Amino acid sequence: MSETLQTRCCIAGGGPAGMMAGYLLARMGADVVVLEKHKDFLRDFRGDTIHPSTLELMYELGILDEFLKRPHQEAKELAGQVGNEKFVLADLSHLPTHCKFVAFMPQWDFLNFIAEQAKQYPGFHLMMQSEVIDLITENGSTVGVTAKTPNGPLQIRAALTIGADGRHSAVRERAGLQARNLGAPMDVLWMRISRQAQDPARPLGRVEAGKMLVMIDREQYWQCAFLIAKGTLNELKQRGLEDFRQQLASLAPFLRERVEELKSWDDISILTVAVDRLLHWSKPGLLCIGDSAHAMSPVGGVGINLAIQDAVATANILGRKLLAGRVSDNDLIAVQHRREFPTKATQQLQVLIQNRVIRRILDARNSGPMKVPVFVKLFQRFPVLRRIPARLIGMGFRPEHVKTPSISPSFAQRAR
Ligand SMILES: Cc1cc2nc3c(=O)[nH]c(=O)nc-3n(C[C@H](O)[C@H](O)[C@H](O)COP(=O)(O)OP(=O)(O)OC[C@H]3O[C@@H](n4cnc5c(N)ncnc54)[C@H](O)[C@@H]3O)c2cc1C
């Protein structure tokens, strides 16, 4: 026999989409259960970028100052390097937002921060180590989920179920929602290499023929993402770890002594890249948001931002109706209508860059040195052009604003 819980909204997945949706709904007084299958947020595969539009949402929520007290790095420019030639790709200093920078913060710190904010509201319940296994369906509507928890099986019944369980969403699979796969020519190898004080400060993308490395500064160490053509991991492994270390060192010579820290292939994780989106994001009683509705490529590092924007739109469109106990099928469809354009536009750009830039770089393995693309040269010649990628990366298409009210946490505590 499994225990049964009743709530207003049950959210599968405690990533950026699920945590932000849970926070916003609890903030307006709804009872929400967020189920996260891991025991903590400490996982390395997560991106680290908090974009100006997300920081603006935090400003609107009144939590920005508190957030910026947490350790983070700020990047006002996004820079790259092809061979020995360095260039600036995006200049964020002109954005119409309070923060004119991308904040780099390990995602577990960001999620812990959102969890702390959300827990001030008595309706917010975060259940870690609780994995959604299936949906409960009655008369053609989703009315909750079944989950595996440390205390045994659990049923959670809810007026609304939200799938925010990421790229490998169990919810979308159990609901039978069909996705359109847009494909990705690459996968990513993810690893840490220690950082030294004299290392270059700017987050850098480094490119040579056949190789591409992105390095995120986490103060004590570099979080490195090395792009490989999809399906070529075995080939890489056959050439041996020393060959891989040398490839890294040739892209970032200041790491030459430190690539030895990679002692075995176990120190390197593979992250499969998927780009897809659901044809229908909802079914009666159920809505998918974030990567669960549309898996994002790492290109531009915008997936977290999109996931959060989905969460804000969900709360804006559904929050009051959920509180009143009336979320119709059309209300759920309205969330897709609101968020489909920014998703499609972003994915189209990502696929364009994947195919026109990344695929060419990775395919150029046996050719000579890479040249800086003409459009990048234009950015150096006319710095004003750097504002275009800054706008696309920093704010994205159709940025959302918080339109949901907040109950006072202390009032809510007393009312319980
Ligand atoms: C290699 C790589 C690098 C990336 N780098 C960046 C970056 O730097 N910046 C950026 O903005 N985006 C980046 N992205 C994209 C970004 O990670 C995603 O778009 C974003 O995390 C989506 O957020 P989400 O909340 O929808 O899903 P996720 O972040 O995937 O969160 C889903 C959560 O659900 C949990 N979960 C899964 N299944 C279940 C279940 N059955 N029951 C309960 N819980 C479950 C998971 O443990 C996870 O915590 C990257 C993607 C890849 C592949």
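Other residues whose C-beta falls under 13 angstrom from the C-beta of N355 contribute a net charge of +3, scoring Lys and Arg +1 and Asp and Glu -1. Put a dot 7 Å past the Cα of W108, heading toward its Cβ, do the same for K403, and the two dots end up 3.8 nm apart.
Each other residue within a Cβ distance under 11 Å of L323 adds +1 if Lys or Arg and -1 if Asp or Glu, for a net charge of +3.
Of K69/K377; K148/K321; K37/K263; K39/K237; K344/K403, which ones are farther than 27 Å apart at the Cα? Can you show the working numbers first?
Values: K69/K377 37 Å; K148/K321 29 Å; K37/K263 30 Å; K39/K237 32 Å; K344/K403 24 Å.
In this structure, K69/K377; K148/K321; K37/K263; K39/K237 exceed 27 Å between Cα atoms.
Using only DSSP helix segments of four residues or longer, with each worth -39500 (n - 2.57), what per-residue ellipticity at 222 nm results for the chain after dividing by its residue count and rounding to 500?
When only DSSP H runs of four or more count, the value is -10000 deg cm²/dmol.
The average projected area of the chain, computed from the convex hull of its Cα atoms over all directions, is 20.8 nm².
Filter the chain for me: DSSP H helices, axial length by Cα at least 27 angstrom, mean Kyte-Doolittle hydropathy not below 0.0. List them by residue number.
Numbers: long enough: 303-323 (28 Å, 0.77); 329-353 (35 Å, -0.48).
Helices passing the filter in the chain: 303-323.
Once the mean of 1/r is taken over each pair of separate Cα atoms and inverted, the range 236-283 shows a Kirkwood hydrodynamic radius of 13.4 Å. Diagonalising the gyration tensor over the Cα atoms of the range 89-202 and scaling each eigenvalue by 5 before taking the square root yields semi-axes of 36, 21, 18 Å, largest first.
By the scheme Lys and Arg +1, Asp and Glu -1, what is the net charge of all other residues having a beta-carbon under 12 Å from that of A345? If you can, show how the numbers build up before the last one.
Working: positive: R277, R339, K344, R398; negative: E340.
Summing Lys/Arg as +1 and Asp/Glu as -1 gives +3.
The base-10 log of I(q)/I(0) for the range 280-387, evaluated at q = 0.10, 0.17, 0.18, 0.22 Å⁻¹, reads -0.45, -0.86, -0.92, -1.16 [Debye formula, identical scatterers on Cα atoms, solvent excluded].
None of the figures in this text is laboratory data; all of them are computed from the coordinates on show. Note that the structure is a prediction, hence the values are computed from the model and not measured. Note that we place each Cβ from the backbone using ideal geometry, even for glycine, and neighbour counts take in every protein chain shown.
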